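*Asks:* One structure follows; several queries about it will come next.
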Amino acid sequence: MTQPLVRFLNDLYVDHGAFSFTEEEYGQIAEDLDLFSITAQVYHMLKEKGRLGELPLFLQEHLKRKAEATLFQNLLLKTETDRLLRLFEEAELSVMLLKGVHFAETYFGHTGARGTTDIDLLVEPQYLKNALEIVESAGYHIQETYGSDHHVVLQKNNAQRIQIDVEIHWALARNEFYKIDHKSFWLRSSPISDFSYVRQLSPEDVFYMICLHGAQHYMISPRYSLDILQLIQIQPQIFDWDDIYRRTKAEHTRHRMSLACTETKFFFKNCRMDERFIKKGSAGWEYGEMKAAAAENKKVRYYIQTFFFRLKSIDRLGYIGLLFKKMIIPSVSEQVHREVSSKTAGVYQIYRYRWRILRNTIKKIFLTSK
């Protein structure tokens, strides 16, 4: 039987059906919304469609409290984001916003309509060092997550001791496996409001980026499918599916996009989507496995599934050997090493860190298999 949350989301977003759930099921829906961090999205959609009153009072109040907490967090991140963007503007360094509060405001209609936990920025690779200096000037410090393949994480605690993370990306995915034309992203982008150097992705590029992001995280949560559905439904006219299909073939991202779209279609069977991106079945996740992963209670099947997901996301057979190589000898980005190793660690320390992660992952697999 379909899980209450899945039925509820379909009734709200796609089928426009009447809500018909027991009190126990409504309680389960509330718990799962919180677990998957989509409470605020659902609350604002209910308000937008004038359907909040159809829910039991206890659930209405629960959704409202959670949405208010999300709004508070997003306002904090919005203030910090605006501060960083002004620094980039003053330095005359081009930067692109990815996801975050701007994404919530533009595509979900409200600052608090989609929870976010960090600030994602995209810069051109040759300006990574300059971007790091700008963010560090605002009090952030590079985390010791050595060997990242397409982004650097910086962190600080604000005056209220709330941790804020900034991710500076110079690519959207590993360039070893994909041939993404990042220059085209910049050419299609446009300035934000009164800025000259702060830019935003075109709507079609936002969809492309959100699909790649969901697949990067194995589509392990309904949250990723909900993001994709939101874009498809609110601005269907922005999609030139023929162009997207040609692009995925040229950039070796067709399988990755198909996995993201297929899982979304699996959750929302009646949503409209180009059939060229849909494969039979789903990404292979059972609902219980998604809940376990969200609760950090991963079982051995999770690690097996993520491994095969990564295999299925690769377009070219020649990349499979490279994938195995990267699992044994984790990649150390020359770009990151060149810009940050003098402040943090040498190559040996980077590999040591990455091997420790690999060792701990293997331990978890064997422990959860007992």
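*Asks:* Sorted from largest down, give the three principal axis spans of the alpha carbons of segment 222-285, whole angstrom values.
*Replies:* Taking max minus min along each principal axis of the Cα atoms, segment 222-285 gives 28, 27, 18 Å.
*Asks:* Rounded to the nearest 20 debye, what is the charge dipole size of segment 1-132 about its Cα centre when +1 sits on each Lys and Arg Cβ and -1 on each Asp and Glu Cβ?
*Replies:* About 200 debye.
*Asks:* From the square roots a ≥ b ≥ c of the eigenvalues of the alpha-carbon gyration tensor of segment 1-66, which class results: rounded (a/c under 1.5), prolate (a/b over b/c), or oblate?
*Replies:* Here segment 1-66 falls in the rounded category.
*Asks:* Using alpha carbons only, how many angstrom separate the centre of segment 94-121 from the centre of segment 23-41?
*Replies:* About 22 Å separates the Cα centre of segment 94-121 from the one of segment 23-41.
*Asks:* Using 0.36 nm times the number of residues separating A171 and I320, minus their current alpha carbon distance, what extension gain do you get?
*Replies:* 51.6 nm
*Asks:* If you average the C-alpha positions of segment 229-292 and of segment 43-57 separately, how far apart do those two centres end up, in angstrom?
*Replies:* The distance from the Cα centre of segment 229-292 to that of segment 43-57 comes to 27 Å.
*Asks:* So, one more: Sort the following peptides by mean Cβ neighbour count (other Cβ atoms within 10 Å, averaged over residues), highest first: 106-118, 259-271, 313-325.
*Replies:* 259-271, 106-118, 313-325
*Asks:* Now for a separate question. Going by the alpha-carbon gyration tensor, a ≥ b ≥ c the square roots of its eigenvalues, is segment 262-325 rounded (a/c under 1.5) or, if a/c is not under 1.5, prolate (a/b greater than b/c) versus oblate?
*Replies:* Taking the square roots of the gyration eigenvalues as a ≥ b ≥ c, segment 262-325 is oblate.
Read-outs throughout are calculated quantities, based only on the coordinates presented, and are distinct from any laboratory measurement. What you see is a predicted model; the values in this text were computed from it and never measured. All Cβ positions, even for glycine, are placed from backbone atoms using ideal geometry, and neighbour counts span all protein chains on display.
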